[in-house]
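What follows is calculated from the coordinates using simple rules that are stated; it is not laboratory data. Everything numeric here is computed off the predicted structure, so don't read it as measured data. A quick note on method: Cβ atoms are made from the backbone with ideal geometry, for glycine too, and the neighbour counts reach across all protein chains shown.
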């Protein structure tokens, strides 16, 4: 059960840029000292993308792994002159290394301007048996706030300051706060930071 | 007498023509060609937005150059001679990229292109 909880925590980052543009391919990876997540998604149209993820978490004597296929849906988007707001849904399933069938569901809300970024997401991950009784499903919530202190420059490097907070009530350490820097350079985004308890974080995304 | 000699020497030092030769005409710097279309886009807020839009617009038939401004939220398109893209085509491409068109401006006399009828 506790391994499942960890995977819920890790899967919460799978929602970054779930739908891009028609025909767009995005590659994503996230790395922590004891875990790795890889994801590729392909956007079929402005509302729908398909994605594949693989998550691995190393423990002292073994590891938990799961591979997922999921559908990402842009349920709502509001474009205005200076901002964009989105609601994304993601559902999917896959097999863990122990060939156990698992399900995954998530929601993400975000709002972004030239200089301000906010996102909130909630996700659950569990075996199909757990989905029969939703009250047993482990879940996690994540919030992010970011600011770009300088003028946006399309061709140059952009550096955002971001604070991420993750809450997973079932975990031994339910709250993790991670200040990080987010770098944008053309079609590449990468983020790096260290949580308050000292765990480093690195993730990267490329739009092909 | 001395004054007369001094004035004479001054006058003799003066060149026959006091006016400098006319400067050769300076060629005007080549004027930057205005874009054929300028589109104001809603929702363009990040580098990824710009990348996606730029790729999509570059694929449109007849587009020779694309320039995006994240600050102004605009896409400028330069078209090949005698090529025109309708508003509908532009709007569809931008919507497929996940954004919305605020307005489309076309210069009155875009170089090397025909106005939309």
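Is it the case that the range B:45-57 has a residue that's part of a loop (DSSP other than H, G, I, E, B) and facing another protein chain (nearest Cβ under 8 Å)?
Within the range B:45-57, one or more residues are part of a loop (DSSP other than H, G, I, E, B) and facing another protein chain (nearest Cβ under 8 Å).
Quickly run through the range A:110-120 and pick out the residues that are within 13 Å of another protein chain (Cβ to nearest Cβ) and part of a strand (DSSP E or B).
A:110, A:111, A:112, A:113, A:116, A:117, A:118, A:119
Only one of (1) in contact with a strand residue (DSSP E or B) (Cβ under 7 Å, 6 or more places away or on another chain); (2) away from every other protein chain (no Cβ under 14 Å) is not met by residue B:83, so which one is it?
(1)
Which of the residues belonging to the range A:161-192 are in a loop (DSSP other than H, G, I, E, B) and crowded, with 20+ Cβ neighbours inside 10 Å?
Residue satisfying the conditions is A:168 alone.
Does at least one position in the range A:96-109 carry a residue that is within 14 Å of another protein chain (Cβ to nearest Cβ) and more than 21 Å from the chain's Cα centre (by Cα)?
no
Restricting to the range A:193-208, count the residues that are out of contact with any strand residue (DSSP E or B) (no Cβ under 9 Å at 6 or more places or on another chain) and part of a strand (DSSP E or B).
0
So for the range A:58-77 (the condition being under 28 Å from residue A:134 (Cβ atoms), out of contact with any strand residue (DSSP E or B) (no Cβ under 7 Å at 6 or more places or on another chain) and more than 14 Å from every other protein chain (Cβ to nearest Cβ)), does at least one residue qualify?
Within the range A:58-77, one or more residues are under 28 Å from residue A:134 (Cβ atoms), out of contact with any strand residue (DSSP E or B) (no Cβ under 7 Å at 6 or more places or on another chain) and more than 14 Å from every other protein chain (Cβ to nearest Cβ).
Of the residues A:79, A:45, A:72, which single one is buried (at least 20 other Cβ atoms within 10 Å of the Cβ) and free of Cβ contacts under 8 Å to residues at least 24 places away in the same chain?
A:79
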